Amino acid sequence: MPVKWLMHFQPNQGTTLTSQVMTEACAVAESFPGVSRDGRWRSSMTFYRAVPRDQSLPQPSDLPRDLIGISLHDLPNEFLFVMRSQRLILRAQSSVQTVIDKLQSYKGRFFINFEGVQYKWGDFKLRIGKCLYNPNESLRGIVMEVEYLPLSSMDKSQRVMEEFYEIWREAVASKLLAGQFINTEVNFSEYGLGDSYTPQHTAVLYGMCVVQVIASSNKNQ
Amino acid sequence: MEPPQLAGSGDAPPKQVAQAMDRLGRAARLIAEIRLGADRILEALLASNENPRLSEKAAELTLGEEDAMRRHFLDLRTVGKQLEESGVLSGALRSRGNSWGLHMPLVCPDGAVVAYAWKRQLAGQAGASAVDRARLALKAFSDQKRRFFPQLEDDQLNRSNNDTIKFPPTKRPRLSHKPTQSPNVDSTEQKPMLADILKIIETEAPGVTISTYQRLEWSKRAESLASTMNDHSLDQPKEQIFANSSSNFNEVAVIELVASGVFRVLVSLHPAGSTDPDAVAFFSPNEGGSYLHSRGMSVHHVFKHVTEYADKALQYFHSSDPNKALSHLLSWICSHQSLFTKICSKCNKLLAMDKSLAVLLPPVHRPYLLNSKGQDQDFATAYHIGCSSYDV
């Protein structure tokens, strides 16, 4: 599948993120010649925690305490799990959520939704979205996903994506926003992922990105 | 003059083609009338200059001609708009709209009209000379004739075309596809030639995997790629499902070149088993489906543009060095391994916005000129469309 980069907006120290950033970012995207709006997108993440079991029974020591479950906008029939401590990714059918709810071994603590607008620009697809914390729908971050359709190799597309990132940053700089877009850097080999881009790569990107978004949101509050 | 008919996109393709040809003829007559009018005005001016008594008559004539020319210009503008809408001037329809097997006629930038484009590259070339186009048109025609009417002898063509390019008498009519060369063409000689060419290319470009297929084998492979790409659970697409027909070179019709993660290029040979490249197309390694063939078009902008440029390169290699057209073409294709990493030799950037197309592209133009010794120059430079200062 085509390669993706995921960026998030890092507000300057002491400033608060507002939805104005999303408006300005969309305005930048729409100012590129030849860009066309391509509908809306939505992905969601569920943060699971293991439900404490009867302590008298022996517990397997390698069970993860926390699980991140991800439903991606471009794979509606699948559900991915990220176990950050074990560096594992699991792909399952979306019905696995029902199984987890029934098993009661893990419970969803909180949820994060990503939703926004997507654009088509030649061989690129851009998705700009808000990162909203459920249940109170508070804004925690602004993300932008960039997809380059012709290539699936991370290595071969590195240079293209870097230049696009620079083009985007220069365009956004003109808006004088109180912050900048930062690319989410991940060492995919730690998760056993190769050069050919897959949904597992996307899951890891979102997992890493949301941790950084929440951290910077907590720092600025 | 009869009023121009409205172009109907709902008209059947033969009618559209006929209308386009009719309008081209009308445009040519209008241009001739305008030229004549200009000549007459000039004559009148010269005559009145030499003989002042004629100046009044010359003035009358000039005014009359000016009126007539103005009318001709208006008519020409109307016809031009109709031709533009039908895609004749821009060639917008030449790569699609294959309705009923017909192509719209195309006006090349130097003014020549290509009425019937049997091959896409014939209609697409802009820089070749009239002689090259005539030679290629004749070759295309004779290929079609040989394919569909093998029972007709080649001598018949010699007798009926006394003033055109002559075919030398051939010993094996079916294999004599290079009319300007001595006919030492033999099916047993071609087998090592194609194999040798491919071996050399594999040595020169170790990062490119080359496979050969018979025509039907390739169709099946293209379909299998579609189902492979749809299955996201596979990290590596299945390769080499179909055995190469490399042991049977006299039936090879498709050469596939794959640079991992960069491109998949298809070159067709016609006739099968020859070293005569017929068409070329670039695709993403992600693509699969029945549209994956040497006359197909990628869904991605970058590969569409490289394919259009490759058509021109193919024509250039055919016209400048027909014996080695395949070798040059394959070398040129292999140089595109750095398509997504090599910066433009003019602006030193990788991505540039093409303003007319409104897309962001890497350098998709790689000059293909051979030097005076007929050798390729490593095809080392690359340019964005806007940075390419000339059409090479």
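The modelled label-to-label distance between A:Gln158 and B:Ala130, using points 7 Å beyond Cα along the C-beta direction, is 5.4 nm. Over all Cα atoms in segment B:191-361, the spread is summed up by Rg and Dmax: 16.1, 48 Å. When all alpha carbon pairs of segment A:173-221 are counted in 10 Å bins from zero, the resulting P(r) reads 21, 41, 26, 12 %. In terms of overall dimensions, the C-alpha atoms belonging to segment A:117-160 reach 41, 21, 13 Å along their principal axes, ordered largest to smallest.
If you count, for every residue in A:121-127, the Cβ atoms of partner chains within 10 Å of its Cβ, what is the mean? Numbers along the way, then the final one.
On the way: counts 4, 11, 11, 4, 0, 0, 0.
Across A:121-127, the average partner-chain Cβ count within 10 Å equals 4.
Distances between placed amide hydrogens fall under 5 Å for A:Phe181 paired with A:Gln10, all partners being 5 or more residues away or on another chain. Please check which bits of segment A:128-156 a label hung off A:Glu30 would reach, taking the label as a point 7 Å along Cα-to-C-beta and the cut-off as backbone N under 15 Å. From segment A:128-156, the list is A:128-129. Residues in segment B:350-355 carry Karplus couplings, in order, of 8, 9, 9, 7, 8, 5 Hz; the curve used is 6.51 cos²θ - 1.76 cosθ + 1.60 with θ = phi - 60°, and Gly or Pro positions show x. Computed over the Cα atoms of chain A, pair by distinct pair, the Kirkwood hydrodynamic radius stands at 18.4 angstrom.
Over 32 Å between Cα atoms, which of A:Lys125/A:Lys175; A:Lys175/B:Lys349; A:Lys130/B:Lys304; A:Lys175/B:Lys312; A:Lys156/B:Lys220 qualify?
Details: A:Lys125/A:Lys175 21 Å; A:Lys175/B:Lys349 24 Å; A:Lys130/B:Lys304 34 Å; A:Lys175/B:Lys312 43 Å; A:Lys156/B:Lys220 28 Å.
From A:Lys125/A:Lys175; A:Lys175/B:Lys349; A:Lys130/B:Lys304; A:Lys175/B:Lys312; A:Lys156/B:Lys220, over 32 Å: A:Lys130/B:Lys304; A:Lys175/B:Lys312.
Note on segment A:58-111: along the principal axes its Cα atoms extend 39, 25, 20 Å, ordered by decreasing extent.
Just so you know, the averaged projected area of the alpha carbon convex hull for segment A:148-206 sits at 4.7 nm². Each residue of segment B:312-323 was assigned a 3J(HN,Hα) from its phi angle through the Karplus curve 6.51 cos²θ - 1.76 cosθ + 1.60 (θ = phi - 60°); the sequence is 5, 4, 4, 5, 5, 5, 4, 7, 8, 8, x, 5 Hz, with glycine and proline shown as x. Applying the Kirkwood pairwise sum to the alpha-carbon positions of segment B:270-392 produces a hydrodynamic radius of 15.1 angstrom.
For chain A, find the longest principal axis of its Cα atoms and tell me its angle to the long axis of helix A:154-173, 0 to 90°, nearest 10. For A:154-173 against chain A, the angle is about 60 degrees.
Cβ-Cβ distance of B:Arg71 and A:Asn113, R₀ of 56 Å, FRET efficiency by 1/(1 + (r/R0)^6): the value works out to about 0.25.
Just so you know, all these numbers are worked out from the coordinates, no wet-lab data involved. For clarity, every value in this text was computed on a predicted model and none was experimentally measured. Quick reminder, even Gly has a Cβ in these numbers, built from the backbone with ideal geometry, and neighbours come from all protein chains shown.
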